[in-house]
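Novice: Dropping the structure in here first, questions after.
The values are calculated or read from the model by the stated rules, or taken from the named source; none is laboratory data. Predicted, not measured: the structure shown is a model, and the values here were computed from it. A quick note on method: Cβ atoms are made from the backbone with ideal geometry, for glycine too, and the neighbour counts reach across all protein chains shown.
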Amino acid sequence: MKILVTGGAGFIGSHLVKRLLNEGFSVVCVDNFNNFYDPQVKERNVKNFINNPNFRLYREDIRNFEVLSKIFERERIDKIVHLAAMAGVRNSIRCPSLYTEVNIPGTVNLLELAKKYKISNFVFASSSSVYGGNKKVPFSEDDPVNYPISPYAAAKKAGELICYTYHHLYNLNITCLRFFTVYGPAGRPDMAPYKFTRLVLKGDKILMFGDGSSQRSYTYVDDIIEGISSALDKELGYEIINLGGSELVSLKNFISLIENISGRKAKIKRALEQPGDMPITYADISKAKRLLNYAPRTNLEKGMTIFISWFKKYGK
Ligand SMILES: NC(=O)c1ccc[n+]([C@@H]2O[C@H](COP(=O)([O-])OP(=O)(O)OC[C@H]3O[C@@H](n4cnc5c(N)ncnc54)[C@H](O)[C@@H]3O)[C@@H](O)[C@H]2O)c1
């Protein structure tokens, strides 16, 4: 069984590749090692499996249909996990066209090839950001998500829509997984768990946007990998499924947790709320439980303890 992981050099992708190789799958990775954050981090992510004979790396761009076509001709791909994307809400507000130019055409390219090569299962990385300013909590897959509040969220929603179209027209099995604030070793440097840990450990000021009452369903990366792996095993037609953590934590309490684990005091400077930021992301995971047997196992305290010790070794 050969699985294509797009974005396999990134944070979630490299954890997934590791897991798939350990389970005996062959893995093809397409990643362009872009500089959204230091590409050296991605080099380090793939270092552990670059010499594995069951792993093949293509340093290519998902926007390049010709190159992707050649990869599909050469490799006999059975399933796809499509993670490659420009990620990050705030950056998408700074450079919106990059997000629509990468995330939407890139996804269409992969769906076209999934159709052509009759791929048995396609997993698409969507995001809790599609819920926008949804007031009803917890967020359920049945809630209307017609009001994305950042270009990133709009592009993810567009991805879900075009996935449905390909399922409808060509009967492809496609599962769109909405990830909720994923953290863990090799985490993304632009995200709160990484940023706040770095600032607390260095004794630098944390800019806390808003009054600290915003809340998140932080999700440990191993739980996300469990969910992806289960979605890959199941041919569900077309489904959208939340993958979130089991606890809801306010920003203030999240910073306190980092202080407690690291034994360092945070220097907090308050700032205005940022446009595009959501006041709450709270996952209803009952559908994931039902369809994927999903049950997050790592609570925030344990996950952040693992992350902070990883950060002390490798973080910058
Ligand atoms: N981390 C989270 O909390 C989170 C939450 C919701 C959704 N997601 C989604 O999950 C996926 C993985 O996120 P991540 O946190 O691991 O981010 P990441 O930035 O670490 O990984 C994305 C990878 O895609 C690659 N990539 C980007 N554009 C590409 C292109 N044009 N061609 C080829 N490769 C390209 C990047 O180089 C990177 O390695 C993304 O689709 C992201 O939007 C992540």
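Novice: Does TYR166 satisfy the criteria of being surrounded by 20 or more Cβ atoms within 10 Å (Cβ to Cβ), of a type in the set (Phe, Trp, Tyr) and modelled with pLDDT of 95 or more?
Specialist: Here the answer is yes, as TYR166 does meet what is asked.
Novice: For region 169-221, which positions are among the hydroxyl-bearing types (Ser, Thr, Tyr), at pLDDT 95 or above and within 16 Å of the ligand (Cβ to nearest atom)?
Specialist: Those that are among the hydroxyl-bearing types (Ser, Thr, Tyr), at pLDDT 95 or above and within 16 Å of the ligand (Cβ to nearest atom): THR175, THR181, TYR183, TYR194, THR197, TYR218, THR219, TYR220.
Novice: Looking only at residues in region 32-56 that are touching a Phe, Trp or Tyr at 6+ places or on another chain (Cβ under 8 Å) and outside any helix (DSSP H, G or I), which one is farthest from GLY184 (Cα to Cα)?
Specialist: Among them, the one singled out is ASN54.
Novice: Scan SER69, SER92 and give me the residue that is assigned to a helix (DSSP H, G or I), among the small types (Gly, Ala, Ser) and farther than 30 Å from GLY276 by Cα.
Specialist: SER69
To keep it simple, each residue is scored yes or no on (1) surrounded by 16 or more Cβ atoms within 10 Å (Cβ to Cβ); (2) part of a helix (DSSP H, G or I); (3) in contact with a Phe, Trp or Tyr (Cβ under 6 Å, 6 or more places away or on another chain).
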{"site": "SER246", "(1), (2), (3)": "yes, no, no"}
{"site": "SER256", "(1), (2), (3)": "no, yes, no"}
{"site": "ASN260", "(1), (2), (3)": "no, yes, no"}
{"site": "MET278", "(1), (2), (3)": "yes, no, no"}
{"site": "THR298", "(1), (2), (3)": "yes, no, yes"}
{"site": "GLU301", "(1), (2), (3)": "no, yes, no"}
{"site": "LYS312", "(1), (2), (3)": "no, yes, no"}
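Novice: Taking the stated definitions as given, is ILE241 within 17 Å of the chain's Cα centre (by Cα) and closer than 27 Å to LYS136 by Cα?
Specialist: Judged against the criteria, ILE241 is a match.
Novice: Return the residues of region 7-31 that are part of a strand (DSSP E or B), of a type in the set (Val, Ile, Thr) and out of contact with any Asp or Glu (no Cβ under 6 Å at 6 or more places or on another chain); say none if nothing qualifies.
Specialist: VAL27
Novice: Take the residues in region 134-162 that are away from the ligand (no atom under 13 Å from the Cβ) and part of a helix (DSSP H, G or I), then tell me which one is surrounded by the most Cβ atoms within 10 Å (Cβ to Cβ).
Specialist: Across region 134-162, the extreme among qualifying residues is ILE162.
Novice: Which ones in region 37-55 are away from the ligand (no atom under 12 Å from the Cβ) and either among the small types (Gly, Ala, Ser) or surrounded by 18 or more Cβ atoms within 10 Å (Cβ to Cβ) (or both)?
Specialist: Scanning region 37-55 gives PHE49, PHE55.
Novice: Regarding region 119-133, can at least one residue be identified that is within 16 Å of the ligand (Cβ to nearest atom), modelled with pLDDT under 95 and more than 14 Å from the chain's Cα centre (by Cα)?
Specialist: Yes.
Novice: Would you confirm, using the coordinates I've provided, whether LEU4 is more than 11 Å from the ligand (Cβ to nearest atom), under 20 Å from the mean Cα position of the chain (by Cα) and part of a strand (DSSP E or B)?
Specialist: Taking the combined requirement at face value, the residue satisfies it.
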